[in-house]
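The values are calculated or read from the model by the stated rules, or taken from the named source; none is laboratory data. Remember, predicted model here, so these are calculated numbers, not experimental data. A quick note on method: Cβ atoms are made from the backbone with ideal geometry, for glycine too, and the neighbour counts reach across all protein chains shown.
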Amino acid sequence: GAVVSQHPSWVICKSGTSVKIECRSLDFQATTMFWYRQFPKQSLMLMATSNEGSKATYEQGVEKDKFLINHASLTLSTLTVTSAHPEDSSFYICSARGLEFLEQYFGPGTRLTVT
Amino acid sequence: AQSVTQPDIHITVSEGASLELRCNYSYGATPYLFWYVQSPGQGLQLLLKYFSGDTLVQGIKGFEAEFKRSQSSFNLRKPSVHWSDAAEYFCAVGNDYKLSFGAGTTVTVRA
């Protein structure tokens, strides 16, 4: 299957600071990337969908000014959590899909802790 | 609106026994159907997928799933479970643009 990486795998930041998470497709061109949030023992909640070169489409209830998504190339998307607060602490997972296939391939996730 | 139900929150199975995980969905048309597995602290790995055609699909690690349109179900099965199959399993349904995930089923394997 296709390989997706995320960096960092975990990050601790202070309240009020911003943190950037990278999602890369390593062996395919990702025309669409997705960002999910997962709370402990819960399912994945889709935050936003981004197509390369276009603005991200955010799900209802997700603050676009707080969760900035950029999909500047066919292999890289970034999620920036701005002015982070403790309630933003979560497991963030990205996925990617290429033109050649319909399924999404997931990254290993990033554990964010805001203190 | 689309929705996915995984009725079993937690299943415990003995090593070597068979496993079946249930998934029911509500969707306007025939959706794309997926099963993913997640180990603790990890991302999701695709086990198998259904888009069209043969309703019995084979996946990795010895898993299979059957799409039953009349029951709106896509149950996952494995004939003989290994200790390494202990994980969280998610059923997902969707289309080109969006996936909806079930709440997940935790599988515990006892020796």
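Some notes on this structure:
- Residue within the stretch A:37-44 that is more than 11 Å from chain B (Cβ to nearest Cβ) and surrounded by 13 or more Cβ atoms within 10 Å (Cβ to Cβ) present: yes
- Residue check: B:P40 meets all listed conditions (1) within 11 Å of chain A (Cβ to nearest Cβ); (2) of a type outside the set (S, T, Y); (3) surrounded by 19 or more Cβ atoms within 10 Å (Cβ to Cβ); (4) more than 27 Å from A:N51 (Cα to Cα) but one, namely (3).
- Residues satisfying the stated conditions in the stretch B:85-106, i.e. more than 14 Å from every other protein chain (Cβ to nearest Cβ) and either touching a residue at least 24 places away in the same chain (Cβ under 8 Å) or buried (at least 19 other Cβ atoms within 10 Å of the Cβ) (or both): B:D85
- Across the stretch A:63-115, the qualifying residues are those that are under 29 Å from B:V93 (Cβ atoms) and in contact with a helix residue (DSSP H, G or I) (Cβ under 9 Å, 6 or more places away or on another chain), and the one among them that is surrounded by the fewest Cβ atoms within 10 Å (Cβ to Cβ) is A:K66.
- Residue match in the stretch B:10-27 (condition: farther than 18 Å from B:R77 by Cα and buried (at least 16 other Cβ atoms within 10 Å of the Cβ)): yes
- When the stretch B:10-36 is filtered for residues that are within 14 Å of chain A (Cβ to nearest Cβ), more than 12 Å from the chain's Cα centre (by Cα) and among the hydrophobic types (A, V, I, L, M, F, W, C), nothing remains.
- Scanning the stretch A:67-115 for residues that are out of contact with any strand residue (DSSP E or B) (no Cβ under 7 Å at 6 or more places or on another chain) and on the phi < 0 side of the Ramachandran plot returns A:A72, A:S73, A:E87, A:E100, A:F101.
- Subset of the stretch A:62-115 that is among the acidic types (D, E) and part of a loop (DSSP other than H, G, I, E, B) - its residue that is farthest from the other protein chains (Cβ to nearest Cβ): A:D65
- Residue within the stretch B:32-49 that is more than 20 Å from B:V4 (Cα to Cα) and touching a strand residue (DSSP E or B) at 6+ places or on another chain (Cβ under 6 Å) present: yes
- Residues in the stretch B:62-84 that are over 30 Å from A:L99 (Cα atoms) and either within 14 Å of chain A (Cβ to nearest Cβ) or exposed (fewer than 14 other Cβ atoms within 10 Å of the Cβ) (or both): B:S70, B:Q71, B:P79, B:S80, B:H82, B:W83, B:S84.
- Yes/no for B:L56 being crowded, with 19+ Cβ neighbours inside 10 Å and either modelled with pLDDT of 95 or more or under 26 Å from A:F34 (Cβ atoms) (or both): no
- Subset of the stretch A:1-30 (residues that are closer than 20 Å to A:G98 by Cα, in contact (Cβ under 8 Å) with a residue 60 or more places away in the chain and of a type in the set (A, V, I, L, M)): A:A2, A:V3, A:V4, A:A30
- B:Q58 being free of Cβ contacts under 8 Å to residues at least 24 places away in the same chain and within 13 Å of chain A (Cβ to nearest Cβ): no
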